[in-house]
Amino acid sequence: MTALSIDARATSVGEVMLRNPKRLPADASVADARAVLSDSHVHMVLLTEGDSLVGTLLRSDLPDGGNNSP
């Protein structure tokens, strides 16, 4: 059992996955990414070109810009 109190052996990842992940175009600015990641519940953004997933961005991937905030 996990902290979510699910039976990990009987539960599929499809049942617990995030259904509407945050997305940005791959050419979005760092400021755009910081804005999305400013929500404390958002830890990763999917980067897309058209309908294709081209990468992921974690809060820790961003340069700190002179401070530790996203």
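Can you tell me which condition Pro63 does not meet? The list is (1) in contact (Cβ under 8 Å) with a residue 24 or more places away in the chain; (2) surrounded by 11 or more Cβ atoms within 10 Å (Cβ to Cβ); (3) of a type outside the set (D, E, K, R), and all the others hold.
Single failed check for Pro63: (2).
Does Thr2 meet the test of being at pLDDT below 90 and either assigned to a loop (DSSP other than H, G, I, E, B) or in contact with a strand residue (DSSP E or B) (Cβ under 9 Å, 6 or more places away or on another chain) (or both)?
yes
Checking the condition at pLDDT 90 or above, in contact with a Gly (Cβ under 7 Å, 6 or more places away or on another chain), hydrophobic (A, V, I, L, M, F, W, C) and in a strand (DSSP E or B), which residue from Leu57, Leu53, Leu24, Leu47 passes?
Leu47
I'd like the residue in the stretch 1-47 that is open to solvent by 70 Å² or more (accessible area, probe 1.4 Å) and among the hydroxyl-bearing types (Ser, Thr, Tyr) and, out of all such residues, is nearest to Leu62 (Cα to Cα).
Ranking the qualifying residues of the stretch 1-47, first place goes to Ser38.
Quick one: is Ala8 at pLDDT below 95 and in contact with a Ser or Thr (Cβ under 8 Å, 6 or more places away or on another chain)?
So Ala8 fits the description; yes.
Could you give me the residue pairs with C-beta distances under 9 Å whose first residue belongs to the stretch 40-54 and is without any contact (Cβ under 8 Å) to a residue 40 or more places away in the chain, whose second residue is polar (S, T, N, Q) and surrounded by 14 or more Cβ atoms within 10 Å (Cβ to Cβ) wherever it lies, and which are 6+ apart or on separate chains?
Matching pairs, first to second residue: Val54/Thr48.
The values are calculated or read from the model by the stated rules, or taken from the named source; none is laboratory data. Given the structure is predicted, the values throughout are model-derived calculations rather than measurements. Neighbour counts are summed over all protein chains in view; Cβ atoms, including those assigned to glycine, are modelled from backbone coordinates with ideal geometry. For accessibility, only protein heavy atoms count, side chains too; no ligands or nucleic acids. Shrake-Rupley method; radii C 1.70, N 1.55, O 1.52, S 1.80 Å.
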